[in-house]
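> Got a structure here, written out as structure tokens. Questions coming.
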Amino acid sequence: MLSATDEGSARARVELVPEDHPIRNANPVRAILRRYRPRMSAHGLDVAEDEGAVAPGSEWDSDLYRMATKQFDVAAELLGLDQEFRVRLRDPRRALVVNFPVRMDSGRTASFTGYRVQHTLTMGPTKGGFRYAPDVSLGECAALSMWMTWKCALLGLPYGGAKGGVRCTPADLSDAERERLTRRYAAELIPIVGPDQDIPAPDLATGEREMAWFMDTYSQQVGYTVPGVVTGKPLVLGGTTGRREATGLGVVYVLEAVCERMQILLRDARVAIQGYGNVGGVAARELHAIGARVVAISDASSGVVASGDRGLNVAALDLWVAEHGSLAGYPDAEHVAPADVLEVPCEVVIPAAVSRVITADNAERLDCRLVIEAANGPTTAEAEAILLKRGIPVIPDVLANAGGVTVSYFEWVQDQQRYSWDELEIHERLRRQLRAAYGRVTDAVDRLQVDWRSAALSVAIERVAEAARLRGIYP
Ligand code: NAD
């Protein structure tokens, strides 16, 4: 609140404005007071009310953020979570939005917008990927950062969640432009990242190459090599064996456990996968290797559906993509739109591409026994309600794709210790950690008699809320 003195000085400032300026007719103090009038929030705490264009909390607003907070609210209700923690855990702790120039190959300069959102600092440093996509936004990063918090808490990793990205069309960037963009984005983020602050990792359209550039840029700034500032690096730069495959492999480990529980024989099951990048590709290869039949798969260019009963030849698909860059034109299969692979009859649907692809529009048409979310946020709340009503469980992203951040954690620990583990150790630890998280989720499913997502989130939220309670509020 402004004091009387503040009001006086504000009036003095207005005297400097010319006679005919419209502000002379306004009362600036009243306007300020109107903008920042305290009110009781929905959670019963005082918050400043901003009557300007941006309502309180709405800077994060996006379909994805609404989805994430709705899921949080359901789990919080289930837990009977105290109002204090609903407020403290719901919105991200901090965010950085940057606009920066990049010199393009043509000689012209383009401006890009980048984001980094850190959801909670309660559990340790923050952790989460950064992505390159045309629709990256603050709201999207906020939602993804919140899911990262729950994922890390569910897996028992000593991190809060973060997420970032640059709004761009990655396919339009040359390698040199991509490097300049990555280095500048890294430089912009330096005040808030670091091995003990926030540790980025790969996500959509980013991988080992981008992590190497990011690590090098950070290291050049501080004056010595800091491998632990990012994970998902090339092996020779302090990356870990097994990181590249970790997310897809983790999806398969979790799926094996779910199939055992649902009495589905995975070795012979039909699987449809949307997304043929890092996660979808690894999952497809691993499932094919254990005998499952990949009956449909898609990338952004096309969906391919097996014509026979035996499923697609994944090795042949790999060869085709290596040679042609995408699935478009692959000869030995029927071609459909990328989204249509989700509706191919099968036992298991794996969305492994982008968010919000299973919606109220197609949920009725899914013809499977279960959905396992390899992508982040692929199922809308409306779609999930329809699927659950149809008896199709959705194994949530925070459990299903947690293999990536788990092996990222292993990489960070190895970087901090300057000591590396072998592949066997990584795979064993990954399987053990995912099995333990799976056990915590199934315990909650059985105990609370709820769906998998609510169970997983309630386990995670309870852990973070307990940490916040024990730390108290500074000062
Ligand atoms: P990627 O860029 O390697 O691959 C993405 C794939 O999806 C590509 O095949 C692309 O062509 C395809 N795709 C894009 N838009 C599509 C569309 N509209 N329809 C069908 N296919 C489409 O990315 P990735 O690393 O495999 O990540 C995939 C998903 O998994 C993302 O949601 C990401 O957030 C999530 N994820 C990734 C990791 C990781 O370690 N990489 C970890 C956890 C979660």
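None of the figures in this text is laboratory data; all of them are computed from the coordinates on show. Here the structure is a predicted model, which means the values were calculated and not measured. Virtual Cβ from ideal backbone geometry, glycine too; neighbours counted across all protein chains shown.
> Testing the spin-label approximation: label points 7 Å from Cα along Cα→Cβ at GLU423 and MET262. State their distance in nm.
3.0 nm
> How would you order 417-428, 90-101, 62-73 from highest to lowest mean count of nearby Cβ atoms within 10 Å?
Values: 417-428: 13.0, 90-101: 16.3, 62-73: 19.3.
Result, highest mean Cβ count within 10 Å first: 62-73, 90-101, 417-428.
> Ranked by Cβ crowding within 10 angstrom, fewest neighbours first, how are MET262, MET211 ordered?
MET262, MET211
> Going by C-beta contacts inside 10 Å, put CYS346, CYS152, CYS259 in order with the fewest on the left. Show your work: numbers first, answer last.
On the way: CYS346 25, CYS152 31, CYS259 20.
The most exposed by this proxy come first: CYS259, CYS346, CYS152.
> As a test, work out the antiparallel percent of DSSP beta bridges whose residues both lie in the chain, rounded to the nearest 5.
Values: 27 of 52 bridges.
Antiparallel bridges: around 50 percent, rounded to the nearest 5.
> Please work out the Cα center distance from segment 417-452 to segment 281-351, rounded to the nearest Å.
Each part reduced to its Cα centre gives a spacing of 28 Å.
> Within a 10 angstrom radius of the beta carbon, how do ARG108, ARG183, ARG267 rank from fewest other beta carbons to most? Walk me through the intermediate numbers first.
On the way: ARG108 8, ARG183 18, ARG267 12.
Least to most surrounded, the residues fall as ARG108, ARG267, ARG183.
> Something else: Could you tell me what percent of the DSSP beta bridges with both partners in segment 276-388 are antiparallel, to the nearest 5?
Roughly 65 percent of the beta bridges in segment 276-388 run antiparallel, per DSSP.
> May I ask you to compute the full-extension gain from ALA289 to ARG356, defined as 0.36 nm times their residue separation minus their alpha-carbon distance, rounded to one decimal in nm?
Numbers: separation 67, 0.36 × 67 = 24.12 nm, distance 2.90 nm.
Gain on stretching ALA289 to ARG356: 21.2 nm.
> So if each residue of separation counts as 0.36 nm, and I subtract the Cα-Cα distance between ARG66 and SER106, what length gain in nm does that give?
Details: separation 40, 0.36 × 40 = 14.40 nm, distance 3.99 nm.
In short, 10.4 nm is gained.
> Using the Karplus equation 6.51 cos²θ - 1.76 cosθ + 1.60 (θ = phi - 60°), what ³J(HN,Hα) coupling, rounded to whole Hz, does each residue of segment 132-141 give in order, writing x for Gly and Pro?
10, 7, x, 10, 4, 8, 4, x, 5, 5
> Apply 1/(1 + (r/R0)^6) to the Cβ-Cβ distance of VAL97 and ALA385, taking R0 = 25 Å, and write down the FRET efficiency to the nearest 0.05.
Values: r = 34 Å, r/R0 = 1.34.
Plugging the Cβ-Cβ distance into 1/(1 + (r/R0)^6) gives 0.15.
> Placing +1 on the Cβ of each Lys and Arg and -1 on the Cβ of each Asp and Glu in segment 110-171, which of MET148, PRO170, LEU138 has its Cα farthest towards the positive end of the resulting dipole?
Checked the options; the winner is MET148.
> Which percent, nearest 5, of DSSP beta bridges in segment 76-234 are antiparallel? It would help to have the intermediate numbers written out before the result.
Numbers: 17 of 28 bridges.
Around 60 percent antiparallel, to the nearest 5.
> A further question on this structure: Please give the charge dipole size of segment 376-455, origin at the Cα centre, charges +1 on K and R Cβ atoms and -1 on D and E Cβ atoms. Round to the nearest 20 debye.
Values: 10 positive and 12 negative charges, 58 e Å.
The dipole magnitude comes to about 280 debye.
> Report the FRET efficiency, 1/(1 + (r/R0)^6), for ALA187 and ASP309, where r is their Cβ-Cβ distance and R0 is 41 Å, rounded to 0.05. Can you show the working numbers first?
Numbers: r = 54 Å, r/R0 = 1.31.
The formula returns an efficiency of 0.15 here.
> Still on this model: Just report the Cα centroid separation between segment 218-243 and segment 113-177, whole Å.
Between the Cα centre of segment 218-243 and that of segment 113-177, the gap is 18 Å.
> Please work out how many pairs of lysine residues in the chain are eight or more positions apart (or on different chains) and have Cα atoms closer than 20 angstrom.
On the way: LYS70/LYS151; LYS70/LYS163; LYS70/LYS389; LYS127/LYS151; LYS127/LYS163; LYS127/LYS233; LYS151/LYS163; LYS163/LYS233.
Value for the chain: 8.
> To the nearest 20 debye, what charge dipole does segment 192-270 have about its Cα centre, counting +1 at the Cβ of each Lys and Arg and -1 at the Cβ of each Asp and Glu? If you can, show how the numbers build up before the last one.
Details: 7 positive and 10 negative charges, 46 e Å.
It works out to roughly 220 debye.
> Additional query: Take peptides 447-458, 237-248, 317-328 and line them up by average Cβ neighbours within 10 Å, highest first, as a rough protection proxy. Write down the numbers at each step before the final one.
Working: 447-458: 20.5, 237-248: 23.6, 317-328: 14.4.
Going from most to least packed, we get 237-248, 447-458, 317-328.
> Then there is this: Would you work out if segment 386-475 is rounded, prolate or oblate? Take a ≥ b ≥ c from the square roots of the eigenvalues of the alpha-carbon gyration tensor; rounded if a/c is under 1.5, else prolate when a/b is larger than b/c, oblate otherwise.
oblate
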